[in-house]
Amino acid sequence: MAKTSVARDEPPVPEDFYEQIEPMLYRRIAREVRDAARVLDLGCGGCELARLLASAPGKKVTGVDVDGDGFPDARSVEPRVRRRLRCVKADARRLGFVRSASMDAAVSTWALHEMRRAPEVLAEVKRVLRKGGELLIVDFPHDSLAQRLWDEDYYTPQEVRELLKEAGYAHVSVRLIQRKQVIWARAFRPLPEEEQG
Ligand SMILES: C[S@@+](CC[C@H](N)C(=O)[O-])C[C@H]1O[C@@H](n2cnc3c(N)ncnc32)[C@H](O)[C@@H]1O
């Protein structure tokens, strides 16, 4: 007898979905950059992710945000983390305080869509990444729960892919994760043999 397949609808995405997934997402980001000793967090906000990353021995983490009001009070940060963390008020388009090719990885959560002139940001981040260094962008996608909740101007995965490719990154991979509510984009500063032209 033929089996009848019952279509199972996924439950709706709850409104606090992003809060629910944040701890898991942060751990996933930490795993992604576990081998990077020097990490930049672009649009770091209150430095929560930067603090988590800086809790790993051997890491040096620089959080950058145009608005420094959310930076933690130094006394609220554990001394061993404080030694590995610095938060700098600056525009991600102008990272003059970071030496070229000095970062092993750069991460950015929920911030790319807010950054004006994203191509300039991506070019500047490429400058400070070492060759082969990774840029990981996590952001809300267009047409997602975030769109319904906050209605900001979010990118589609295809737009993020194009921005990264146009900025000259190699091994660009952009996908939707977490029930398609999160863009997970990885890209690398090309190695010399991967440089075009
Ligand atoms: C939605 S918040 C995300 C903060 C943090 N990454 C998090 O996960 O909670 C976006 C942040 O990007 C910062 N931002 C926007 N444009 C920026 C720029 N050009 N350079 C640096 N930071 C910027 C904002 O000030 C804000 O703190």
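Quick note: the coordinates plus some simple rules give every number you see, no bench work behind them. Computed from a prediction, not measured in an experiment: that's the story for all the values here. So basically every Cβ, Gly included, is an ideal-geometry build from the backbone, and we count neighbours across all protein chains shown.
Data table
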| read-out | value |
| --- | --- |
| Residue that is surrounded by the fewest Cβ atoms within 10 Å (Cβ to Cβ) [pool: residues in segment 142-174 that are small (Gly, Ala, Ser) and out of contact with any strand residue (DSSP E or B) (no Cβ under 6 Å at 6 or more places or on another chain)] | 168 |
| Filter result for residue 177 (touching a strand residue (DSSP E or B) at 6+ places or on another chain (Cβ under 8 Å), closer than 27 Å to residue 20 by Cβ and buried (at least 20 other Cβ atoms within 10 Å of the Cβ)) | no |
| Helices (runs of 4 or more DSSP H) within segment 12-101 that include 2 or more residues within 28 Å of residue 120 (Cβ to Cβ) | 17-32, 48-54 |
| Residue pairs meeting the criteria (Cβ under 6 Å; at least 6 apart or on separate chains; first part of a helix (DSSP H, G or I), in segment 115-127; second crowded, with 21+ Cβ neighbours inside 10 Å and of a type outside the set (A, V, I, L, M, F, W, C)) | 126/189 |
